[in-house]
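Novice: Okay, here's the structure, questions in a sec.
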Amino acid sequence: MRARAEHVLPFTLLLPSVAFLALLIVIPMFQALLLAFVAEKGGFTLEHFQQMFGDVNFGDAWRNTLLLLLLIVPLQLVLALAMALLVNSRFRGYGFFLYIYAIPLAISDLAAGILWLAVFTERGYLNSALQSAGVIQQPILFLSFENFPGILSAIVIAESWRATAIVLLILVAGLQLIPRDYFEAADLFGADRIRRTIHVVLPLLRPSLQSALIIRTIFAFQTFAVVFALAGRNMPVLAGEAYVWYAGNRNEHLAATYAVLLLGLTACVTVIYLRVLGLREAEVQR
Amino acid sequence: MNARVLDRTLIYGIAVLLAVWVLIPFYIIAISAFTPQAKIFDYPKPLIPTTFSTETMQFFVDARGVIPSVLNSVLVAVFTIVFGLALGTPAGYALARFHFRGREAFQVIVLATKMFPIAILSIPLAVTFLQLGLYDNLVSVALVHTAMALPFIILVTGGVFVAVSHELEEAAQTLGCSRWGAFLRVALPLALPGLAAAAIFTFVVSWNEVFAATILTLRTRTLPAQVLAGLGTSPLGFKFAGGLFMALPAVVFIFMIRRYLINLWGSR
């Protein structure tokens, strides 16, 4: 009797969280599909998708989301990799620097957008610094709707600044799993070190790089508040459109259609990454 | 010798440079939020402020809806901590103590949830909550935040209970404690610092969450939802003060749990 109770116990302990997640993830996913594919009068329809694809902002939202993704994710990986390798060389005081680099983890995308708004706004601190240094004669309108590269750069910088911390923690944890013998000397730079990093450390770090890449790409599709804080409605993105259709236009069908699109993209990204990265792994082993 | 000195200088140089990159926006938002309203449009502004005033912060705190939204944010975070720990602690304990069939499957579920874009689901959830009469309710926001934080809570509590020796619990049981009693009197007190860290991280997740909070509320706004809804209309000073106000508690809390940060994102 007692042995049997022991046997069932782990499942009893897991059941509440599994049930909760199922309730909060599976049910709304069905609800999203219903809202997106079922017409108001009932019956299957593609009219919401047609309306979404035909919307004036859809093309821009799609392009901007992909552009941000393509710029932000690689930048974050490089920056986080530099920080992680540096921290992993275990120089004196590395723990302090790791903490500093991890601080943006505590910042929401909304707050990050506002922090960088103080930098990039017309009479903000970047223009002030440039003007004081005599580089410019009058403020540059970084965030004007006519200055697309300006807005784009500001968002890329703000979002890279914020979410690099997450990638960093994933990579540092991955590096900790690699036996110390592989690193030996603490000196990080010089040809030998670089070659060792490329040929030894990076291949061993692949699983971490892979999960960082997947997590960051998925989250890049949700980019929204940082864009709103810096650009307002001047730069439509997919998640932002979902929000606007729900909260602004009170159209839960179109909002849910955007949600379905984002969920679909998430699934595609995961499968593609696992395929591509997984295949290469098989090649390496051969 | 010279090469080593050069090397070390290079390492510290890069480390400091990266630290400056991370810290500069905090400095800028702090001096912006403590610039008096009248001086916010001064140009060019000095990088070392000549005036210090709490007027802008005061203006933000006094603005309509801000104090209630802060209270709402705290309430949602507290609900999320209660729900999250109640659900996640048993799961973490099971992962730490038992080898059972389906253990790996459960770990995959946890991992997948960590990556899943749960915030996006708040749109269909809003429709469901509306039907259930739970819309614009802090509990419903807390439920979504719980789903977001739960995988992290499970991972952290799992790690915490692994570190608490199961032999101590067994000893307590041989001395007459029930299994539950042994957990309550031995494992739980030893795990408390780790559970506190999980609670703090949960607070940060909830305090920072924007999308679901905005979608699921109309009048009972949390602080980020309040700030986001006002982005288009509020003056710059309000935004700066709001940015600092949202960022500061989270930064302090992350400092408190810095030892656990690797566990949160690290374990694949």
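The values are calculated or read from the model by the stated rules, or taken from the named source; none is laboratory data. Fair warning: this is a prediction, and the values are worked out from it, not measured in the lab. So basically every Cβ, Gly included, is an ideal-geometry build from the backbone, and we count neighbours across all protein chains shown.
Novice: Looking at B:59, B:52, can you tell me which residue is closer than 26 Å to residue A:110 by Cβ and at pLDDT below 90?
Specialist: Exactly one of B:59, B:52 is closer than 26 Å to residue A:110 by Cβ and at pLDDT below 90, namely B:52.
Novice: Can you pull out the residues in segment B:92-116 that are loosely packed, with under 15 Cβ neighbours inside 10 Å and under 29 Å from residue A:219 (Cα atoms)?
Specialist: B:102, B:103, B:104, B:105, B:108, B:112, listed by residue number.
Novice: Looking only at segment B:191-206, decide whether some residue is hydroxyl-bearing (Ser, Thr, Tyr), in contact with a Gly (Cβ under 6 Å, 6 or more places away or on another chain) and either surrounded by 15 or more Cβ atoms within 10 Å (Cβ to Cβ) or assigned to a helix (DSSP H, G or I) (or both).
Specialist: Yes, segment B:191-206 contains a residue that is hydroxyl-bearing (Ser, Thr, Tyr), in contact with a Gly (Cβ under 6 Å, 6 or more places away or on another chain) and either surrounded by 15 or more Cβ atoms within 10 Å (Cβ to Cβ) or assigned to a helix (DSSP H, G or I) (or both).
Novice: Collect the residues in segment B:140-157 that are more than 10 Å from residue B:118 (Cα to Cα) and either at the interface with chain A (Cβ under 10 Å from one of its Cβ atoms) or under 14 Å from the mean Cα position of the chain (by Cα) (or both), keeping them in residue-number order.
Specialist: B:142, B:143, B:146, B:149, B:150, B:151, B:152, B:153, B:154, B:156, listed by residue number.
Novice: Of all residues in segment B:118-131 being without any contact (Cβ under 8 Å) to a residue 12 or more places away in the chain and closer than 14 Å to residue A:255 by Cβ, which is surrounded by the most Cβ atoms within 10 Å (Cβ to Cβ)?
Specialist: Looking at residues that are without any contact (Cβ under 8 Å) to a residue 12 or more places away in the chain and closer than 14 Å to residue A:255 by Cβ, I get B:124.
Novice: Right, here's the next one. Only one of B:66, B:76 is touching a His at 6+ places or on another chain (Cβ under 8 Å), in contact (Cβ under 8 Å) with a residue 24 or more places away in the chain and of a type outside the set (Ser, Thr, Tyr); which?
Specialist: Selected residue: B:76, the only one of B:66, B:76 that is touching a His at 6+ places or on another chain (Cβ under 8 Å), in contact (Cβ under 8 Å) with a residue 24 or more places away in the chain and of a type outside the set (Ser, Thr, Tyr).
Novice: Now a separate question. Do we find that residue B:197 is closer than 26 Å to residue B:26 by Cβ and at pLDDT below 95 in this structure?
Specialist: Yes, satisfied.
Novice: Residues that are farther than 30 Å from residue A:101 by Cα, within 10 Å of another protein chain (Cβ to nearest Cβ) and not β-branched (Val, Ile, Thr): list the helices (runs of 4 or more DSSP H) wholly contained in segment B:1-107 that include at least 3 such residues.
Specialist: Ranges flagged: B:66-97.
Novice: On the basis of being surrounded by 22 or more Cβ atoms within 10 Å (Cβ to Cβ), facing another protein chain (nearest Cβ under 10 Å) and closer than 20 Å to residue A:225 by Cβ, does residue A:118 make the cut?
Specialist: Against the criterion (surrounded by 22 or more Cβ atoms within 10 Å (Cβ to Cβ), facing another protein chain (nearest Cβ under 10 Å) and closer than 20 Å to residue A:225 by Cβ), residue A:118 qualifies.
Novice: For segment A:50-72, what are the residues that are under 14 Å from the mean Cα position of the chain (by Cα) and within 14 Å of another protein chain (Cβ to nearest Cβ)?
Specialist: Within segment A:50-72, A:65, A:69 qualify.
Novice: Okay, moving on. Please go through segment B:228-243 and pick out each residue that is crowded, with 24+ Cβ neighbours inside 10 Å, in contact (Cβ under 8 Å) with a residue 40 or more places away in the chain and facing chain A (nearest Cβ under 9 Å).
Specialist: Scanning segment B:228-243 gives B:240, B:242, B:243.
Novice: Tally time: how many residues in segment B:95-111 are touching a residue at least 12 places away in the same chain (Cβ under 8 Å) and more than 13 Å from residue B:151 (Cα to Cα)?
Specialist: Matching residues across segment B:95-111 total 2.
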